[in-house]
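Below: one structure, written as structure tokens.
The values are calculated or read from the model by the stated rules, or taken from the named source; none is laboratory data. Given the structure is predicted, the values throughout are model-derived calculations rather than measurements. Heads up, the Cβs are rebuilt from the backbone with ideal geometry, glycines too, and the neighbour counts pull from every protein chain shown.
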Amino acid sequence: MVKEEFKAPIDVMGISTGGTIAQYFALNNPQLVSRLVLAMTGYCLSDDGKKLQRQVGEFARLGKWTAAYSTMMKGVYPKNGLRKNLN
């Protein structure tokens, strides 16, 4: 798609898990990437992170978007929820 849509190399930015995808794309298609920016991303996922991503992916594949977003947020927020009083 990049070859067809753009006539010159493009800037690619990967955020969070997209960072891994962006790195993979850049390594396999260096002629298509002029700059690679990685933000808020790690070099790998923990075992818990991999499990969470598989669950989110399965819900997304089934079109169960509410369950996918809910599962994703379990990895973002603490188990006991957000603090109500910041004082």
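Scanning the stretch 80-87 for any residue that is surrounded by 15 or more Cβ atoms within 10 Å (Cβ to Cβ) and of a type in the set (A, V, I, L, M) turns up nothing.
If you go through the stretch 9-23 and pick out every residue that is outside any strand (DSSP E or B) and either in contact with a helix residue (DSSP H, G or I) (Cβ under 9 Å, 6 or more places away or on another chain) or closer than 25 Å to W65 by Cβ (or both), you end up with 8.
Residues that are within 12 Å of the chain's Cα centre (by Cα) and assigned to a helix (DSSP H, G or I) occur at least once in the stretch 63-80. Any residue at all in the stretch 40-47 that's more than 21 Å from Q23 (Cβ to Cβ), in a helix (DSSP H, G or I) and at pLDDT 80 or above? No, the stretch 40-47 contains no residue that is more than 21 Å from Q23 (Cβ to Cβ), in a helix (DSSP H, G or I) and at pLDDT 80 or above.
If you filter the stretch 17-49 down to residues that are of a type in the set (S, T, Y) and surrounded by 14 or more Cβ atoms within 10 Å (Cβ to Cβ), you find that the one that is nearest to M72 (Cα to Cα) is T17. Scanning the stretch 21-65 for residues that are among the basic types (K, R) and not assigned by TED's automatic domain parsing to the domain that holds K7 turns up K50, K51, R54, R61, K64.
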